[in-house]
Amino acid sequence: MGGLVILICMIVSWIFLHRWSQRNKKGPKTWPFLGAAIEQLMNYDRMHDWLVQYFSMSKTVVVPMPFTTYTYIADPVNVEHVLKTNFNNYPKGEVYHSYMEVLLGHGIFNVDGELWKRQRKTASLEFASRNLRDFSTKVFKEYALKLSTILSQSSFLNQQIDMQELLMRMTLDSICKVGFGVEIGTLNPNSPNNSFAQAFDTANIIVTLRFIDPLWKMKKILNLGSEAQLDKSIKIVDDFTYSVIRRRKAEIEDAKKNGQQNQIKNDILSRFIELGENHASDKSLRDVVLNFVIAGRDTTATTLSWAIYMVMTHSHVAEKLYSELKTFEENQAKEENVTLPQCDDKDDLELFNQRVVQFSKLLNKDSLEKLHYLHAVITETLRLYPAVPQDPKGVIEDDVLPDGTKIKAGGMVTYVPYSMGRMEYNWGPDAASFKPERWFKDGVLKNESPFKFTAFQAGPRICLGKDSAYLQMRMVLAIMCRFYKFSLVPDHQVRYRMMTILSMAHGLKVTVEKRS
């Protein structure tokens, strides 16, 4: 009995000394064997802001975990080292791949090496094609107008709406049209539930949880809890995706047999089927398409949600943006010799909607680029609310970051756009403020280093869809902010939800007022 008491005292003393030795440590405090897992789990729901606190004290935050070490970085010099200078040492890695494979498979966002290079090359050619750009522009406008019709009706009925939910539906419909070439109709006025959308969201949340759940593999083997739910969600996602792929392959085959190649659609799936010909398996096509869905749907919808929230909570920004849009409308109509119908009666829904359609005809890729303040609003939103708030990389070989931090092979290094946008050492004393004006110098839009403004990543993996994302966001916000004023529902709480994408946990509940 006495020996047991002595052993317990020794363990308690050891733990006490371990904790005491960290009293001056700037990063998270650790426990023997457990590392910082307890603190990270306790702060999981606010993890991005938890990291902000540590980054305000140190540009690099080291978080030891039971079986590995996570190193978080916010200094652009370190970010450039990881994303460009020593790019080959920091792939997605086996750990990340194993967590995300069930959802993303071997798609472009979840692979490295030659497989990544091949997909990257094909995707870059497709994004550069005029056909895809023109098709995307047409689709983005079509669904922005559908959304506007729902908003005008909600305004007329004085209804509360969840703007994030509507934007998620809009971007899902548009990316499925651009990606699959199919109309899934989730943005219809009666807001039908869509099993694919719900299953895709559930799967996204669960795979994100794997990063801090040491028991996920056990739960997967035993088919328990979240992993059992993940299996059901992935089956729904796969059933839908494979049915579309088989149907599209058959359509393309029929078109070729009948000499109607010009009838083949311009969506991404059709292009990859054609480029792969007989070598493109259904599984590889499934992975390609789902990677584009997660890139083009969730990221755009969440950014639009945060942008509308920022505009409605910063009245001077809202008025400045409205003024730019009104001036643009007048100048563009004059330039194109278009007469704009008057719509003084905002309760005349038919006339109001016609007015919105008339305005939309002035919007195309080139004309939208004239809206410099709108561009700055979107970019400033991405600085503070990046669609991908953290991006982890594996480590192949031991390395030393420019700031002297030692990196061990087998660990993970994560650059953190959410924290980077809030650091005064990156953006100055007003870093935490929403200030679109910071993107102008002498009245001209300016660019920042992609290693400082990391919303679209940087280096060899820089986002191929950046221009397409800006195109859709400009299109949607130009219509939304020209014709509507949004107000937050009283007592509605806006905070993020922990998943790979920075979505709002409780949506964005607003009321809408039409503008003349």
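The values are calculated or read from the model by the stated rules, or taken from the named source; none is laboratory data. Since this is a predicted model, take the numbers as computed values, not measurements. Glycine also receives a Cβ, built like all others from the backbone with ideal geometry; neighbour counts cover every protein chain displayed. These accessible areas exclude ligands, DNA and RNA; they are computed on the full protein's heavy atoms, side chains included. Shrake-Rupley method; radii C 1.70, N 1.55, O 1.52, S 1.80 Å.
Taken as entire DSSP H runs, the helices of the chain that both span 15 Å or more between Cα atoms along their own long axis and average -0.5 or more on the Kyte-Doolittle scale are 2-20, 93-104, 130-157, 163-179, 195-209, 282-293, 299-312, 349-360, 372-384, 466-483. Note on Lys257: aspartates and glutamates with a C-alpha under 15 Å away, same-chain residues under 8 apart excluded, are Glu274, Glu277.
Give the Debye-formula value of log10 I(q)/I(0) at each listed q (0.05, 0.06, 0.09 Å⁻¹), with one equal scatterer per alpha carbon of the chain, two decimals each. The calculated log intensity ratios at q = 0.05, 0.06, 0.09 Å⁻¹ are -0.22, -0.31, -0.69. Cβ-Cβ distance of Asp254 and Leu115, R₀ of 30 Å, FRET efficiency by 1/(1 + (r/R0)^6): the value works out to about 0.45.
The string of couplings for segment 363-369 from the Karplus curve (6.51, -1.76, 1.60, θ = phi - 60°) is 9, 8, 4, 6, 5, 4, 6 Hz, one whole number per residue in order, with x for Gly and Pro. Computed over neighbours whose Cβ is under 11 Å from that of Arg383, the net charge equals +2, Lys and Arg +1, Asp and Glu -1.
Compared with the alpha-carbon gap, the fully stretched path from Ile462 to Val494 is longer by 8.6 nm at 0.36 nm per residue.
Extension gain for Phe440-Asn158 works out to 97.8 nm (0.36 nm per residue, less the C-alpha to C-alpha distance). Each Lys and Arg contributes +1 and each Asp and Glu -1, all at the Cβ; summed about the Cα centre of the chain, the dipole is approximately 740 debye. Running Debye on segment 242-384 with equal point scatterers at the Cα sites and no solvent, what base-10 log of I(q)/I(0) appears at q = 0.12, 0.13 Å⁻¹? Result of the Debye calculation: -0.80, -0.86.
Extension gain, Thr122 to Lys361: 0.36 nm times the residue separation minus the Cα-Cα distance gives 82.9 nm. Note on segment 79-205: percent of Cα-Cα distances in each 10 Å bin, starting at 0 and stopping at the bin with the largest distance, equals 10, 29, 30, 21, 8, 1. The residues of segment 67-514 present an accessible area of 44 Å² per residue when probed at 1.4 Å with all protein chains retained. Computed from the C-beta positions of Gln198 and Thr313 and an R0 of 30 Å, the FRET efficiency is 0.55 to the nearest 0.05. Taken as Cα centroids, segment 396-439 and segment 109-188 sit 30 Å apart, rounded to the nearest whole angstrom.
What's the carbon and sulfur percent of the chain's accessible surface, probe 1.4 angstrom, rounded to a whole number?
54
With q set to 0.18, 0.20, 0.22 Å⁻¹, the log10 of I(q)/I(0) for segment 42-152, from the Debye formula over equal scatterers at the Cα positions, is -1.07, -1.12, -1.19.
Helices in the chain, meaning DSSP H runs of at least 4 residues, each add -39500 (n - 2.57). Divided by all residues, the mean residue ellipticity at 222 nm is -17000 deg cm²/dmol. What shape does segment 162-280 have by the C-alpha gyration tensor, where a ≥ b ≥ c are the square roots of the eigenvalues, rounded means a/c under 1.5, and otherwise prolate means a/b greater than b/c and oblate the rest? The shape class here is oblate.
Every Cα-Cα pair in segment 99-163 was counted, and those over 21 Å apart are 57% of them.
Dividing the convex hull volume of the alpha-carbon atoms in segment 380-516 by its residue count gives 161 Å³ per residue.
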